[in-house]
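Novice: First the structure, which I've put down as structure tokens, then a few questions once you've had a look.
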Amino acid sequence: MPQERIGVYVCHCGSNIAGTVDVEELTAWAGEALRHRGVVVARDYKFMCSSLGQDLIAKDIKEDALTRVVVAACSPHLHEATFRKACADAGMNPYLCELVSIREQVSWVHTDKAAATAKAKAVISGGVERVIHHAPLEPMSVPINPATLVVGGGIAGIQAAMEIADSGFHVYLVEREPSIGGHMAQFDKTFPTLDCAACILTPKMVSIGSHPHITLLTYSEVEQVDGYVGNFNVTVRKKASYVNSDLCTGCSVCEEKCPKSVIDPVFEAGLGYRKAIYRSFPQAVPKFPVIDADNCIYFDTGKCKACEIHCEAGAIDFEQEDQILELNVGNIILATGYDLFDARRETQYGYGRLANVFTSLEFERLTNAAGPTNGNIVLRDGETTPKSVGIIHCVGSRDRKFNNYCSVICCMQSLKFAHLVKERTGAEVFNFYIDMRTAYKEYDEFYQRVLSEGVHFIRGRVAEVTDVSNTPEEEDKLVIQIEDTRIGRQRRIPVDMVILSAALEPRHDSDEVAHQFGISCSVNGWFIEKHPKLDPVATMTEGIYIAGCAQGPKDIPSTVTQGAAAAARVLGRIQQKEMALEPIRAEVTEALCSGCRICNNLCPYTAIVFDEAKEVSVINAALCQGCGTCVAACPSNAISGTQFSNEQVMAQLHGLLMLNIMEPVVS
Amino acid sequence: MNENGKPKFGMYWASSCGGCEISVLNIGEHILTVDEVFDVVFWPVATDFKYEDVRGYPDGYIDLCLFNGAIRNSENEEMAHLLRQKSKVLVAFGSCAYEGCIPALANFTSREAIFQTVYLDSPSVDNPGRVIPQPVTAVPEGQLHIPEFYNTVKSLDQVVDVDYTIPGCPPEPHQIWAVLQVVVAALTQGAELPPKGSIIGAKETAVCDECLHPKSEKKIFRFYRPYEKVPEPGVCLLEQGIVCMGPATRGGCGALCPQVGMGCRGCYGPLGGVADQGARMLSAVASVIGVGEPEMDERMLEREFETVMDTLVDPAGTFYRFSMAHSLLKRAKIKD
């Protein structure tokens, strides 16, 4: 092969690199010692990423007819795109430029200047050997279908769907429950402003239901996702509701007439009842009820049909079956929310055993004017107003037994509870906290307000909630045993009611959902964003975005922000109409593939399928993200990764070991 | 060519078991064609020629020399140089010459350790004088010389230039015959030989390509040694946890072993472009271990993973059974 003409550019990065690496010596060395490998020019410059630095490279490409460029500077994460673009502007294929890191991998991690300079030489030598084997690559372009799928109809999904639909693009909003609204619809007041959750949420829900650009698919679940960014094919199962929505007027007579009441474990958190034909709540969107076939007398015994008899519209259809819908969308936003920590697991707090221990979600329903007690805060007997209430923070959070993370909202939620109890019952309120976390706008002010209302704050981790009394004052009370760490003493606080501020946990099926959409979950089970700071709503899979609590615990403002942010990212994609994909991909050489199928279930992006007719594995180039897992696993060398071929990696190693310069040492 | 006008044929065994020679004879009645076409000038297992005869030949006298066996000692190496000099076409014949094969498993240990076991520690050894072979021994009549036993086994191409390689332990007779036909056609009808350096008498795809067991996605929960499990017929052996090197091994043998329920041993060596067959297979096998959940604690995952890997007895000997000398490892580093 004719020898390449390679330019080597060494960046000082101010003193970031030059302070620890002798950049002049390094540059001179690269020009001399690597000349026989094709290095025709080697330069150093204070800031290679500046426009002057880039011009230096561009000038050499034109005047010195360079065919390859190696830039020794910071991590490729930062400036690979910069230097590739500089090369492309000068007429060179951008993938013939290699960025090697002598900052993160050399100057920042060493102090000995001579040793660091020697290591930098090896790093450059590896880059030179590698770039010789680079091939010019062209980005692939895929058209973007302007329709979007939003999964989850909580406030995050609602916000995202509205933003996109208001911009004139179609949205399919899929929700598992019979109504959209999510957890927010269950709340009464929202912190710190104490405005009514329903008052601010239901107008948005109504807009979603009537929006010309939104197809609302409630009581539905995504079954399968195929395809890739710009062109996903999604299979959705719309569960039979046994109510014909074309005929139903939403009059709710069927609910009144249904003779079967069941405890509602979802919307009422087990505190209230609903019928076998039901809407989650009166303002449900859509307004159509569904029949819960497991609890319906007709489905059980073949008799009843009270709903059908009383439905004037004739909308009841016991023969209805699940519908399978095929959707084509270009982008997907996952806003699947959270599950509440099952407080039974924290056995010493007695939830499920001691009647007057409530979870935070139960308490939300208790305070809700539309809830089972019409907003009256009462004990489990349904009538007694508590005279003293204990609110325990961090139940299931910041606890190595369950979840090591902070659930973010519990402090503010517990303060809100304290305020509501005080306001509506005048009871004595005790908050048991480890640390008080009231960051963000007007949160700490709310804390101060609650402090001034005379709520007691006791710092420590509650050891136990018990109904065993030691003193007459404790009789018929729930006793909270705690070490008050501010006075260094054990205390027993008798109360009538205990509220457990339970942790937010990932949805129980978040792993399956993540796998279905080709994204990953963190160790704790939250969906992983592309970058925790700089790309918080994108994922490593192109075209899949995340928003709200599915990504991690957060409050309503942050959830709405993420919903809007994800929508903005999707709208940006849609406006591009087509999208260039990095050409760094894995490829199967069919002639070398023996069809052993080792690679088939390894791909984190489900890009590999087996072609039964040809008996070879095939990689979908648009799904592949070039991670290299299959390249390493293929025992036959039939899969090669562009830009990460075995040849390139071995050449880089050869260079790193300086085998290109010295004779190899043979034992 | 000489007097009788026939091309000259030679075959030699260095450090090997003799199976390669048997395999050549296993081409059946075609051996008569070989005799008809070639003039055999050196073949210790079949004809009585001495090293001195070979030394007397002019350079390039032998048209086709099949060299089997690894380079274990100085005699092997000396013969490799001699036959290179005297041959027009030198073929690394079989796994030992190609990549070290079973003899190169000794590269996991050292010469000293081998001598210790073989001449001193082995229960069947009676060596009261604790005699260990020496290259030079002084006796009253003068000095006795025997070949020097090397510390490291090498493949043929690590000591001399090799024109072609025929893989296999041993190469399959039908492949030998196919190669001989190509060579005969080249010598007698002027047909073209494959490019120098080619691996001949084998396929470009893995053993799996020829294996008739249907394959599906793989998840391995434990490994079985051949005696531990009666393979379920018609199911890919690797999917049953039986170590089968098929995916990482060059085909051409007809997938004989997996077809009868014995996992491929890997004797045809790595596929094109693979520098290290053992590492490739280890990486592939590790990719399909069936344990672990995404949210699992890393130490727990590691423990579960190790439990599975512990059922894989002697991974180095298993995955590098044939390819040790030619692998990236070449030999184990022995600490002093």
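The values are calculated or read from the model by the stated rules, or taken from the named source; none is laboratory data. All figures in this text were calculated on a predicted structure; none of them were measured in a lab. Every residue, glycine as well, gets a Cβ built from its backbone with ideal geometry; the counts of neighbours run over all protein chains shown.
Novice: Quick one: B:Glu217 ticks every box in (1) touching a residue at least 12 places away in the same chain (Cβ under 8 Å); (2) assigned by TED's automatic domain parsing to the domain that holds B:Pro258 bar one, so which box is it?
Specialist: For B:Glu217, the failing item is (1).
Novice: Against the definition (surrounded by 13 or more Cβ atoms within 10 Å (Cβ to Cβ), outside the structural domain of B:Gly272 (by TED's automatic domain parsing) and farther than 25 Å from B:Gly18 by Cβ), how does B:Ala185 come out, yes or no? Please lay out each step first, then the result.
Specialist: Details: surrounded by 13 or more Cβ atoms within 10 Å (Cβ to Cβ): yes; outside the structural domain of B:Gly272 (by TED's automatic domain parsing): yes; farther than 25 Å from B:Gly18 by Cβ: yes.
Against the criterion (surrounded by 13 or more Cβ atoms within 10 Å (Cβ to Cβ), outside the structural domain of B:Gly272 (by TED's automatic domain parsing) and farther than 25 Å from B:Gly18 by Cβ), B:Ala185 qualifies.
Novice: So, in region A:523-538, how many residues would count as being part of a loop (DSSP other than H, G, I, E, B), under 9 Å from the mean Cα position of the chain (by Cα) and within 14 Å of chain B (Cβ to nearest Cβ)?
Specialist: Qualifying residue count for the region: 2.
Novice: Read through the list (1) more than 8 Å from chain A (Cβ to nearest Cβ); (2) over 19 Å from the mean Cα position of the chain (by Cα), then give the number of the only condition that B:Glu217 fails.
Specialist: Exception for B:Glu217: condition (1).
Novice: OK, next. I'd like to check which strands (runs of 3 or more DSSP E) are fully inside region A:413-493 and have at least 3 residues that are under 12 Å from A:Ile391 (Cβ atoms).
Specialist: The qualifying strands (runs of 3 or more DSSP E) are A:428-433, A:456-459.
Each row is one residue, and each column tells you yes or no for (1) touching a residue at least 40 places away in the same chain (Cβ under 8 Å); (2) aliphatic (A, V, I, L, M); (3) more than 12 Å from chain B (Cβ to nearest Cβ).
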residue: A:Arg573; (1), (2), (3): yes, no, yes
residue: A:Gln576; (1), (2), (3): yes, no, yes
residue: A:Met579; (1), (2), (3): yes, yes, yes
residue: A:Arg585; (1), (2), (3): yes, no, yes
residue: A:Thr589; (1), (2), (3): yes, no, no
residue: A:Leu592; (1), (2), (3): yes, yes, no
residue: A:Cys596; (1), (2), (3): yes, no, no
residue: A:Pro604; (1), (2), (3): yes, no, no
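Novice: Something else now. Looking at region B:203-221, which of the residues that are loosely packed, with under 14 Cβ neighbours inside 10 Å and not charged (D, E, K, R) is nearest to A:Val609 (Cα to Cα)?
Specialist: B:Ser216
Novice: Please work out which residue is modelled with the highest pLDDT, limiting yourself to region B:231-290 and to residues that are among the basic types (Lys, Arg) and not in a loop (DSSP other than H, G, I, E, B).
Specialist: Looking at residues that are among the basic types (Lys, Arg) and not in a loop (DSSP other than H, G, I, E, B), I get B:Arg250.
Novice: Any idea which residue in region A:129-145 is surrounded by the most Cβ atoms within 10 Å (Cβ to Cβ), counting only those that are at pLDDT 95 or above and in contact with a Gly (Cβ under 6 Å, 6 or more places away or on another chain)?
Specialist: It comes out as A:Glu129.
Novice: Considering only residues that are charged (D, E, K, R) and in a loop (DSSP other than H, G, I, E, B), look in region B:181-214 and name the one that is farthest from the other protein chains (Cβ to nearest Cβ).
Specialist: Out of the qualifying residues, it is B:Glu192.
Novice: Does B:Glu293 count as surrounded by fewer than 16 Cβ atoms within 10 Å (Cβ to Cβ) and not aromatic (Phe, Trp, Tyr)?
Specialist: When the stated conditions are applied, B:Glu293 passes them.
So that you can scan it fast, the table gives a plain yes or no per residue for (1) of a type in the set (A, V, I, L, M); (2) assigned by TED's automatic domain parsing to the domain that holds A:Pro178:
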| position | (1), (2) |
| --- | --- |
| A:Asp60 | no, no |
| A:Ala81 | yes, no |
| A:Asp89 | no, no |
| A:Leu96 | yes, no |
| A:Val100 | yes, no |
| A:Ala114 | yes, no |
| A:His133 | no, no |
| A:Ala160 | yes, yes |
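Novice: Here are A:Asn374, A:Asn328: which of them is over 23 Å from A:Cys410 (Cα atoms) and either without any contact (Cβ under 8 Å) to a residue 12 or more places away in the chain or not in a strand (DSSP E or B) (or both)?
Specialist: One residue alone meets the criteria, A:Asn374.
Novice: Which of the strands (runs of 3 or more DSSP E) found entirely inside region B:13-95 contain at least 2 residues meeting this: surrounded by fewer than 18 Cβ atoms within 10 Å (Cβ to Cβ) and out of contact with any Cys (no Cβ under 7 Å at 6 or more places or on another chain)?
Specialist: Filter on region B:13-95 gives B:39-42.
Novice: Are there any pairs with C-beta distances below 7 angstrom linking a residue in region A:631-647 that is over 24 Å from A:Val128 (Cα atoms) to a residue that is among the aromatic types (Phe, Trp, Tyr), with the two at least 6 apart or on different chains, and if so which?
Specialist: none
Novice: Evaluate the following for B:Asp163: is it more than 14 Å from chain A (Cβ to nearest Cβ), surrounded by 15 or more Cβ atoms within 10 Å (Cβ to Cβ), touching a Leu at 6+ places or on another chain (Cβ under 7 Å) and among the acidic types (Asp, Glu)?
Specialist: yes
Novice: More than 25 Å from B:Glu228 (Cα to Cα) and not charged (D, E, K, R), is that true of B:Met281?
Specialist: no
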